[in-house]
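Single-structure report; data block below.
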Amino acid sequence: MLTKKQIDKYADVMIWGLKKARRLKYKKGDIINLGYDRVATPLAESVYSKLIAGGFNVINRVFMNEGMEYSFYTQANKNQLSFLGPWEEKYCEHLNGSISIFAPEKLTHLKDIDPKKMGSLAVARKPLREILDQREAKGLYGWTLCTFPTEAPAKQANLTLRQYTNQIIRACYLNDSDPTAKWEEIYKKSNDIKKWLNRLNVKYFRVLSKNTNLTIYPGEKRQWLGASGCNIPSFELFLSPDFRHTKGTFYANIPSFRNGNFIQGVKLNFKKGRVISVSANKGESFVRKYLDTDRGACQVGEFALVDKRFSKVNKFMADTLFDENYGGKYGSCHIALGSSYAETYKGERSDIENPAEKKELGFNDSAIHWDLISSEKMTVVAHLTHGNPKTIYRNGAFVR
């Protein structure tokens, strides 16, 4: 397990991520939500101590355990599934930041639950997410999250707990003398790459590998974001494309767990922005039901690339947070089905607060957001509005 010294470093990195993730500086008295699984209490205690010392008002929330989750989804009626406490909107309207620490003790306890039932909860809670999105756009809210090592994902990833823990230590640079300094370095180098990408006038990207041949249109007034403190670790650079023009095939060779279901070998075929056919080596029935959650569930909300020069993740972790940041030999690419990130709009966020305006620009809207990841040897070519095509990503790294 993590040592006390590593836990304290982890907490320092989480505080760094929280501060980087918000556009405006925090001030003393700001309200921070600290949510965590019970097993992650040692890390939560360290984070809590540092937040209190920093002058924040901290509200602790222990997540439901697996037994509670199972009881909820097997016993809750329609009204209970869509219930929002009368205080929740007000809470979100005053919240300044959030740190979430996940430490699952089981991964498959919800595998027999109807995905539509879980989707109904996501739909019900969507208004709360929208409140926080609006606060984030104004620089009033920031968030970050991380994973504390436990046996359940280690077992599903075919790793010992020690091996799993070592992957987290490597990925988060917890053995560095000053991990936050390392993250600051990655932040600056990633910003340089983002600035270069955002100077390119791209009509569309071709994503090519052994099993992928996908065309992604970035759309109007888009910008690349990422490696900004949201999520620890986070090496991905991403944008939310104009989903309406996505076409071709994407193959995810890295497995994933979604709502307790193990999914492997997903192949998606797109036409005019929507999935028209899907197959999977494992979990195909779940995938089909999940993509039926709402209209936007079978449309692309994110396109992302990971540079292997930054990421130390080189094993499947049975945790999307790490798997979407896979470095390995050839880096990785992922798309997310479902909701888009409005912050990738280059103009004023107030210009697209209306759902109709977001739709007009091709930002996808959905209650879900599911990352599907490929670590195949990949080339990404930018077809410019003016000029010759330019390779921007090859053999796991951005190339200029």
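The values are calculated or read from the model by the stated rules, or taken from the named source; none is laboratory data. Every value quoted in this text rests on a predicted model; they were computed, and no experiment measured them. Neighbour counts run over all protein chains shown; Cβ positions are idealised from the backbone, glycine included.
Restricting to region 53-90, name every residue that is without any contact (Cβ under 8 Å) to a residue 24 or more places away in the chain and farther than 22 Å from Lys111 by Cα.
Ala53, Asn79, Gly85, Pro86, Trp87, Lys90
Which numbered condition in (1) surrounded by fewer than 19 Cβ atoms within 10 Å (Cβ to Cβ); (2) modelled with pLDDT of 95 or more is the only one that Phe270 fails?
(1)
Of all residues in region 369-400, how many are more than 21 Å from Ser332 (Cβ to Cβ) and not in a strand (DSSP E or B)?
Going through region 369-400 one residue at a time, the tally reaches 5.
Looking at region 1-57, which of its residues are hydrophobic (A, V, I, L, M, F, W, C), in a loop (DSSP other than H, G, I, E, B) and surrounded by fewer than 20 Cβ atoms within 10 Å (Cβ to Cβ)?
Step one: list which residues in region 1-57 are hydrophobic (A, V, I, L, M, F, W, C), which gives 1-2, 7, 11, 13-16, 18, 21, 24, 31-32, 34, 39-40, 43-44, 47, 51-53, 56.
Add one more test, that the residue is in a loop (DSSP other than H, G, I, E, B), and what stays is 1-2, 21, 24, 56.
Passing the criteria: Met1, Leu2, Leu24.
Within the group Gly119, Gly85, which residue is assigned to a loop (DSSP other than H, G, I, E, B) and assigned by TED's automatic domain parsing to the domain that holds Gln156?
Numbers: Gly119 fails: assigned to a loop (DSSP other than H, G, I, E, B).
Answer to the selection: Gly85.
Among (1) among the small types (Gly, Ala, Ser); (2) under 19 Å from the mean Cα position of the chain (by Cα); (3) over 23 Å from Lys282 (Cβ atoms), there is one condition Gly119 misses while meeting the rest; what is its number?
(3)
Kindly provide the set of residues from region 99-121 that are within 29 Å of Asn57 (Cα to Cα), modelled with pLDDT of 90 or more and of a type in the set (A, V, I, L, M), ordered by number.
Ile99, Ile101, Ala103
Report the residue count in region 133-148 for those that are in a helix (DSSP H, G or I) and among the basic types (Lys, Arg).
Restricting attention to region 133-148, the residues satisfying the condition of being in a helix (DSSP H, G or I) are 133-137.
Those left that are additionally among the basic types (Lys, Arg): 135.
Residues that pass the stated criteria total 1.
Of the residues in region 59-76, how many are closer than 16 Å to Ala11 by Cβ and surrounded by 19 or more Cβ atoms within 10 Å (Cβ to Cβ)? Outline the logic, then answer.
Step one: filter region 59-76 for residues closer than 16 Å to Ala11 by Cβ, giving 60.
Narrowing the set further to residues that are surrounded by 19 or more Cβ atoms within 10 Å (Cβ to Cβ) leaves none.
Matching residues across region 59-76 total 0.
What's the total number of residues in region 317-365 that are touching a residue at least 60 places away in the same chain (Cβ under 8 Å), assigned to a loop (DSSP other than H, G, I, E, B) and of a type in the set (D, E, K, R)?
The number of residues fulfilling the criteria is 6.
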